[in-house]
Structure formats: structure tokens, C-alpha cells
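Input: a single structure, listed below in C-alpha cells.
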Amino acid sequence: MIRVLVVDDDFRVASIHRSYAERIAGVTVVGEAHTGAEALEANVEHQPDLVLLDIYLPDLGGVEVAHRLREQRPVDVIVVTAAADVATVRAAAQGGALDYLVKPFTFATFRAKLERYLAWRTKLSQVAHADQPTIDRLFGLLHAESEPSVPKGLSATTLALVEEVLRDADHELTAVEVSQSTGVSRVTARRYLDHLADIGRVEISLQYGGVGRPQHRYRLARAREG
């Protein structure tokens, strides 16, 4: 479960962002703050994993707050702003901001951003040694764009995570094993695996043994020659 702190000087906007976050599986909101000082206090008190940080606050600038938050303790920051110039974006990135959300945004945009973050956190926790290709894949996952070809009801971010799990495996995986590696339910993992099989990106084999139906096992499709 990812612990989120919502920071926005507008109480109404903060409430909306909180309600958005609470609708996403795997996320819990641990608090709200409406000034920079409140954000710093809440960061210590609630120990969030992620801060959704408004860049314009009445007492302290969001960039300064981002710096101070990470000086207090390790925490991820996604900056939320109505507008920002290149210098502000660069300063926020130097302060440790992982990403941006530009107001106004829909719930779908918000959900996609947090699902990418969740997928990134899940994958990062499974990496023991990060070489350059691994780092590139991790940050590609964090900033992956939604794919229009993904059917309704499926997330491009989760689809990418399922593929990543299969890519890293040295053997065929069951839906249960994919579920355990990604953090989604077995039924959800099966939906994504079956979709990948339907579009030719995953191969399915059947393992027979014991009583009952054969077990489905999945691997990335081999590249075809010629």
C-alpha cells in the first residue's frame, strides 16, 4: 500500500485530489496540507511514500518545499501545478520531483499517473542490481504513455509491468506467479496475459499433471526470423 500526502493551498482542490487518490487500488491518503509548513510537518508525522505537491503555496515555494521534504526523509514527489516555465520544471526536478501533473486534469489522467508510479515502485522493489538497461526500463515504465491499442478496462502501465515480469523471468510463469510479482490479483493477471497472447506478444503452453485442468504457463513470444 502506497501512503500519499496531498498538498494544495486550495481546500476544495485538495479534497478533489484526495478523493481521486482514494479511488485507486493500492493507495491510501494519510493526510492533507495547505501550506509549505504544514507539508513539512505532515511529512514527518505521517511518513508518506509519495507527496502530491502544489508548486504554488502561500508561505513557501513548492520547489523549496520539495528540497526540504527530501532533506527530512526519503520521499517521492510529484509536482502538481496549473502552469510552470522550464526553469521551474528544472528546479523542481533538481529538488527530487519525479513527475508533473498539470491542472486541470481528469481522474483518468490522475489515475494513469499514479498507476505508472505504483508500477515503477513495484518493479524497483524487485531489482537487486540496476545496470544501465534495467535503469532505462525502470524510468521508461515510470514515464510510459498510455497506448490507444489497450482495450477498455486494461491499463497500459499494468500491461507494461506484466511484460516486464515475463521478460525478466528465466522460465515460463503461471498467472499466480505473475500476480505475485506485479501485485495485481490472479484474475487480473490472467486478463492481461490473455490479452498479450491474443495480440501475439505472449506464448501459452499447457502443463499436464495431477487431477484437474492443465495449468497455463506464459512466456514472451520468441522473435520470428525472416
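The values are calculated or read from the model by the stated rules, or taken from the named source; none is laboratory data. Remember, it's a predicted structure, so these values are computed and weren't measured experimentally. With ideal geometry, Cβ positions are generated from the backbone for all residues, glycine too; neighbour counts draw on all protein chains shown. The protein model used for the area step is the full one, side chains on, heavy atoms only, and it has no ligands, DNA or RNA in it. Shrake-Rupley method; radii C 1.70, N 1.55, O 1.52, S 1.80 Å.
Here are some notes:
- Counted residues, the range 10-33 - those being modelled with pLDDT of 95 or more and over 18 Å from Val75 (Cβ atoms): 0
- Tyr208, sole failed condition from (1) open to solvent by less than 10 Å² (accessible area, probe 1.4 Å); (2) at pLDDT below 90: (1)
- Hits in the range 163-178 (condition: open to solvent by 20 Å² or more (accessible area, probe 1.4 Å), assigned to a loop (DSSP other than H, G, I, E, B) and not acidic (Asp, Glu)): Ala169, His171
- Residue tally, condition modelled with pLDDT under 80 and open to solvent by less than 40 Å² (accessible area, probe 1.4 Å), over the range 99-121: 3
- Cβ pairs under 6 Å, 6+ apart, first in the range 179-195 and touching a residue at least 40 places away in the same chain (Cβ under 8 Å), second open to solvent by 30 Å² or more (accessible area, probe 1.4 Å) and among the aliphatic types (A, V, I, L, M): none
- Condition met for Val202 (β-branched (Val, Ile, Thr) and either in contact with a Lys or Arg (Cβ under 9 Å, 6 or more places away or on another chain) or at pLDDT 75 or above (or both)): yes
- Of residues in the range 8-26 being surrounded by 13 or more Cβ atoms within 10 Å (Cβ to Cβ) and part of a helix (DSSP H, G or I), the one nearest to the chain's Cα centre (by Cα): Ala21
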